[in-house]
Amino acid sequence: MPLLPHRPIRNRFLRAHHDLDSFPAASDTHFSMSTSFRHESVLAGEVNDFLRPAPGRTIIDGTLGGGGHSGLLLKGGARVIAFDRDPEALAHSRAALAPYGESFTAVEGNFADAPAALAGLGIGSVDGILLDLGVSSHQLDTPERGFSFQREGPLDMRMGNSGMTAADLVNTAEAAELARIFRTYGDEPRAIQIAARIVRAREKKPFETTLELAELIAAGRKGPRHPATRVFQALRIAVNDEIGSLERALPDLAGLLAPGGRFAVITFHSLEDRVVKQFFRARSAAEIDDPTWPAPRPNPDRLFEAVTRRSVTASPAELAANPRSRSARLRVVERLPSASGKGGAA
């Protein structure tokens, strides 16, 4: 069953990773992490409870980041295979989690690379998968990474060190393409106007830094939210192909789950949450129906049983300690003991 196409919708979770006005500095995780790399893992206790780490279980952490989630899973006795495109995150977490020895493997790459990487390790199936989508606190708080519109840095926004930068995109894309990106990935109501202003400005001088772009967007605009919030989110998603990678990876990752294995995904804005929700729902429904059919039919693509009927959100205590968790939504499904459906689209 194919995933449904994207339709721009009002983004209820937009402030999650880019509106830094109200954000305190991120605190260290519960592990002995280096102070040079700060990231507070969201919904860590809930993830640990749902994925049930134990000796003999293998779990994929598709978004390693600062290693907070992986650390808890390792502490529970599981073997963890973790992925990240960020060399800084990999270096930090490899050092921090080195005491777990061969129980921890960190791979440089996108979580979409997991099937090939596991095949290379001789692993055919896993007992759990975690994706914590979005940008880490460290990436946001490091001006050189180019994610923040309130701190001067190169207009980069790449999760890793290769590929197109945000500067490449804003300096070369046509106005219509920029407007589409801002509208689709940022729900920006002034997408056309902002795109036109960018194209006019870059004719005089290409954009090189975050503040150059942020100041152009913010000129003459006021409000409780920084005017560049939506555009910066949209550029980040486009530069890293976040939605496309997620759509391609979900079916392949689902195919790695052993019977009874659980798939947990944390999202931070409505676009990625909708992709996850639709995929889990399409693969969890016992029956499918069509107005032309006399009765519902068994779902041939069913793989999962829903573990969370609704998304799980941060507790009041976590919200108070880490305001960046306020937009996090956790969804979890469990692989059926015997599933006839396929991980991929039918």
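If I go through segment 169-200 residue by residue, how many of them are assigned to a helix (DSSP H, G or I) and touching a residue at least 60 places away in the same chain (Cβ under 8 Å)? Summing the residues that are assigned to a helix (DSSP H, G or I) and touching a residue at least 60 places away in the same chain (Cβ under 8 Å) in segment 169-200 gives 6.
Can you tell me which residues in segment 165-192 are more than 19 Å from R225 (Cβ to Cβ) and among the charged types (D, E, K, R)? Of everything in segment 165-192, those that are more than 19 Å from R225 (Cβ to Cβ) and among the charged types (D, E, K, R) turn out to be D168, E174, E177, R180.
Could you check segment 136-147 and list, in sequence order, the residues that are under 23 Å from S245 (Cβ atoms), at pLDDT 80 or above and out of contact with any helix residue (DSSP H, G or I) (no Cβ under 6 Å at 6 or more places or on another chain)? I'd like the intermediate steps shown before the answer.
Going residue by residue through segment 136-147, those that are under 23 Å from S245 (Cβ atoms) are 136-140, 142, 145-147.
Next, from what is left, pick out any that are at pLDDT 80 or above: 142, 145-147.
Passing the criteria: only T142.
S148 - would you say it is crowded, with 16+ Cβ neighbours inside 10 Å, of a type in the set (S, T, Y) and assigned to a loop (DSSP other than H, G, I, E, B)?
Numbers: crowded, with 16+ Cβ neighbours inside 10 Å: yes; of a type in the set (S, T, Y): yes; assigned to a loop (DSSP other than H, G, I, E, B): yes.
Against the criterion (crowded, with 16+ Cβ neighbours inside 10 Å, of a type in the set (S, T, Y) and assigned to a loop (DSSP other than H, G, I, E, B)), S148 qualifies.
Restricting segment 307-322 to residues that are outside any helix (DSSP H, G or I) and out of contact with any strand residue (DSSP E or B) (no Cβ under 7 Å at 6 or more places or on another chain), the residue that is surrounded by the most Cβ atoms within 10 Å (Cβ to Cβ) is A314.
Being over 30 Å from L169 (Cα atoms), in a strand (DSSP E or B) and aliphatic (A, V, I, L, M) is the filter here; which residues of segment 253-280 pass it? Reasoning before the result, please.
Narrowing segment 253-280 to residues over 30 Å from L169 (Cα atoms): 254-264, 280.
Keeping just the survivors that are in a strand (DSSP E or B) gives 257-264.
Correct list: L257, A258, A264.
Considering segment 72-95, the residues that are over 27 Å from G244 (Cβ atoms) and in contact with a helix residue (DSSP H, G or I) (Cβ under 7 Å, 6 or more places away or on another chain) include one that is surrounded by the fewest Cβ atoms within 10 Å (Cβ to Cβ), namely G76.
Residue-by-condition table, conditions (1) of a type in the set (A, V, I, L, M); (2) in contact with a Ser or Thr (Cβ under 7 Å, 6 or more places away or on another chain); (3) assigned to a loop (DSSP other than H, G, I, E, B); (4) more than 24 Å from D187 (Cα to Cα):
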residue: I243; (1), (2), (3), (4): yes, no, no, no
residue: P251; (1), (2), (3), (4): no, no, no, yes
residue: A282; (1), (2), (3), (4): yes, no, no, yes
residue: P291; (1), (2), (3), (4): no, no, yes, yes
residue: A295; (1), (2), (3), (4): yes, no, yes, yes
residue: P300; (1), (2), (3), (4): no, yes, yes, yes
residue: E305; (1), (2), (3), (4): no, yes, no, yes
residue: R324; (1), (2), (3), (4): no, yes, no, no
residue: P337; (1), (2), (3), (4): no, no, yes, yes
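The values are calculated or read from the model by the stated rules, or taken from the named source; none is laboratory data. Worth saying up front: this structure is predicted, and the values here are computed from it rather than measured. All Cβ positions, glycine included, derive from the backbone under ideal geometry; neighbour counts span all protein chains shown.
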